[in-house]
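The values are calculated or read from the model by the stated rules, or taken from the named source; none is laboratory data. Just so it is clear, the structure is predicted and the values come from calculations on it, not from any experiment. Note that each Cβ is placed from the backbone with ideal geometry, even for glycine, and that neighbours are counted across all protein chains shown.
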Amino acid sequence: MFFVPYFLKPKKSLIRILRVNAGVDTKPDIQKLIKSVDVYNEPLPLVFLLACAVVKTDKTQLTNQLGGVISHERFGNAMNMSAFQKICKLYNEHNIPILAQKGLVQKLLYPAATRPMNDADFAVPKDIYRQAIDLAVENGFHINHDMLFSADLQLRDMGCVDVHYALFKGANPQMDNLIWARAQKVRFNNMDVLIPCPEDILVIIMCEFYGNFLFEAGSKDTNIRDIFGAHPQWILDAHKIIREHPELNWGRIMQTAQMSGYDYQIKILTRIMNKVIPGLVSPHALKIIDHFCPDHIVNKRLRRDKKIVYLHKINHEFYTKEDQ
């Protein structure tokens with residue numbers, strides 16, 4: 001038996017909103033749902049999902065503010081996709097492969113869905129990563145952030161893309177290579193983009209999400225109970241993949257995650273998914289996950305994660321003092 005970390009547990013209000021958006025709860029009490037979220041102080045992604053939940057059930061209850069949140073996110077998505085289209089065309093012309101990630105995968109697979117994303121995430125091969133960044137800068141993009149594994153690029157004052165060479169924090173390069181090899185080519189506005197196979201999409205979604213949680217839990221500026229509300233979309237992304245692919249190979253998912261030591265994250269997050277959307281991950285899949293990652297492994301890794309959060313706190317305090 002293992003205990004899910006406090007900062008990974010969603011609030012009841014968020015669970016209700018996610019269930020409506022997933023189509024599990026089709027007759028919610030809309031007024032009660034709206035009152036459960038402080039739209040002025042909650043993270044924007046949570047408020048956006050509340051607005052979408054209202055639209056799905058009773059559009060007449062949509063307030064001007066909630067309608068404005070939807071319009072804001074749609075406009076942001078349009079700007080980000082415009083920036084992605086420009087850089088995709090540029091990279092196609094120079095034979096630089098693009099592997100879509102996270103929200104961009106969802107936009108390419110389900111273009112009609114309203115899915116918020118801060119930027120369009122994708123990866124390029126590690127050996128030409130710097131060439132790809134330089135090429136983008138030469139063609140109108142500027143660098144907002146140049147981080148260890150990625151660079152956040154903005155097209156003038158418009159949309160943003162996030163160019164990676166590692167698929168997510170702490171990923172094993174050997175695992176990255178496998179995900180690249182299994183990806184499938186799709187056409188986007190007459191351009192080529194690679195999309196990971198369904199199993200690898202889930203690994204990327206869940207491990208990136210968990211990594212964000214660990215980092216943000218170490219920040220004294222972040223309310224622990226707000227972290228899930230700032231990243232709620234991963235559950236709906238995972239829900240779509242699991243529902244669309246009932247033949248998912250959970251053994252492959254666990255083997256891939258094991259290559260970076262992240263199999264315990266899959267186990268924890270599948271339990272959370274089943275709490276939010278009961279029965280989403282089948283009993284058979286849960287048995288496979290337990291086989292690959294017994295509870296004692298999870299507990300061992302969770303003890304390590306506590307130390308990681310503590311180190312993030314120290315790091316955050318150091319840089320806060322440096323800025324003063």
Does residue 298 satisfy being more than 18 Å from the chain's Cα centre (by Cα), β-branched (Val, Ile, Thr) and over 21 Å from residue 172 (Cβ atoms)? no
Looking for whichever is modelled with pLDDT of 90 or more and within 30 Å of residue 306 (Cα to Cα) here; the options are 50, 46, 62. Which one fits? 46
I'm checking my understanding of the structure. Among residues of region 171-201 that are part of a helix (DSSP H, G or I) and touching a residue at least 60 places away in the same chain (Cβ under 8 Å), which one is farthest from residue 100 (Cα to Cα)? 174
Here the qualifying pairs (Cβ atoms under 7 Å; residues six or more apart or on different chains; first in region 289-303 and over 17 Å from residue 203 (Cα atoms); second in a helix (DSSP H, G or I)) come out as 297/264; 301/264
Do any residues in region 16-40 that are free of Cβ contacts under 8 Å to residues at least 60 places away in the same chain and of a type in the set (Asp, Glu) have Cβ atoms under 6 Å from those of residues that are assigned to a helix (DSSP H, G or I) and surrounded by 18 or more Cβ atoms within 10 Å (Cβ to Cβ), where the two are at least six apart or on different chains, and which pairs are they? 25/19
Looking only at strands (runs of 3 or more DSSP E) that fall completely inside region 50-159, which ones have 3 or more residues that are surrounded by fewer than 18 Cβ atoms within 10 Å (Cβ to Cβ)? 141-146
Among the listed residues 251, 229, identify the single one that is outside any loop (DSSP other than H, G, I, E, B) and modelled with pLDDT under 85. 229
Set 235, 272, 227: member being in contact with an Asp or Glu (Cβ under 8 Å, 6 or more places away or on another chain) and of a type in the set (A, V, I, L, M): 227
What tally of residues in region 181-210 results from selecting those that are crowded, with 17+ Cβ neighbours inside 10 Å and either modelled with pLDDT of 95 or more or of a type outside the set (D, E, K, R) (or both)? 19
Out of curiosity, is residue 215 among the aromatic types (Phe, Trp, Tyr) and surrounded by fewer than 18 Cβ atoms within 10 Å (Cβ to Cβ)? yes
Restricting region 254-272 to residues that are farther than 30 Å from residue 16 by Cα and of a type in the set (Ser, Thr, Tyr), the one surrounded by the fewest Cβ atoms within 10 Å (Cβ to Cβ) turns out to be 260
State which residue is surrounded by the fewest Cβ atoms within 10 Å (Cβ to Cβ) when the search covers only region 34-49 and only residues that are over 20 Å from the mean Cα position of the chain (by Cα) and part of a helix (DSSP H, G or I). 35
For residues that are exposed (fewer than 14 other Cβ atoms within 10 Å of the Cβ) and either outside any helix (DSSP H, G or I) or polar (S, T, N, Q) (or both), tally how many sit in region 238-248. 2
How about region 203-221: which of its residues are under 16 Å from residue 253 (Cα atoms) and either in contact with a helix residue (DSSP H, G or I) (Cβ under 6 Å, 6 or more places away or on another chain) or in a strand (DSSP E or B) (or both)? 203, 205, 206, 207, 209, 210
Looking at region 273-287 only, could you name the residues that are in a helix (DSSP H, G or I) and buried (at least 18 other Cβ atoms within 10 Å of the Cβ)? 273, 276, 285
